[in-house]
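Contents: one structure, followed by commentary.
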Amino acid sequence: MSLSRNDHQLAVRVERRSRPTPMLSKYSLWGGRRQSRQGDTYTDLYGTRAFVAMLLITILNVLDAFFTLVYLQRGGSEANPIADWLIQLGPATFIFCKTFIMGGALAILCLHKNFSRARFGVLLGASLYVLLTVYHLILFFRLDVGQLL
């Protein structure tokens, strides 16, 4: 008994789905496995929740860089020695490196979005950035009020 072309394509498709999806594959950008029924596995497409979480962290990262530079212009100092070194190289270098490093970290977390530790990392990162942004806003408005008096 020989398989027809359609039967053979169906068999190949079933076989591909029976193997775990690799972290990076030819389907990573153009689709494939959209969700996993198991916990810690990779998928090829990423949902709205992952996109919103990554976008939130990216926006908060940019706000952190902006408020840091504003604070430094008003006479403040940077507590992070690596960030301080990058700022000494120039504001553009600081923003580029901060954005590039955070983008790489977010890409790794996005690839591992179905893993509980990665989900915890996204939640922790977003929470810390929210707290940092609140701190920046307090400093920003406190300095503004102090300068008005």
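Figure legend. Inter-residue proximity from segment 95-112: first residues closer than 23 Å to GLY47 by Cα, second residues surrounded by fewer than 14 Cβ atoms within 10 Å (Cβ to Cβ) and among the aromatic types (Phe, Trp, Tyr), beta-carbon distance below 9 Å, spacing 6+ or different chains. Indicated pairs: CYS110/PHE51. The residue of segment 54-104 that is farthest from ALA126 (Cα to Cα), among those that are surrounded by 15 or more Cβ atoms within 10 Å (Cβ to Cβ) and of a type in the set (Gly, Ala, Ser), is ALA83.
Values in this text are rule-based calculations from the coordinates and carry no lab data. Predicted model only: the values in this text are computed from it and were never measured. For neighbour counting, all protein chains shown are included, and Cβ atoms are generated from backbone atoms with ideal geometry for every residue, glycine included.
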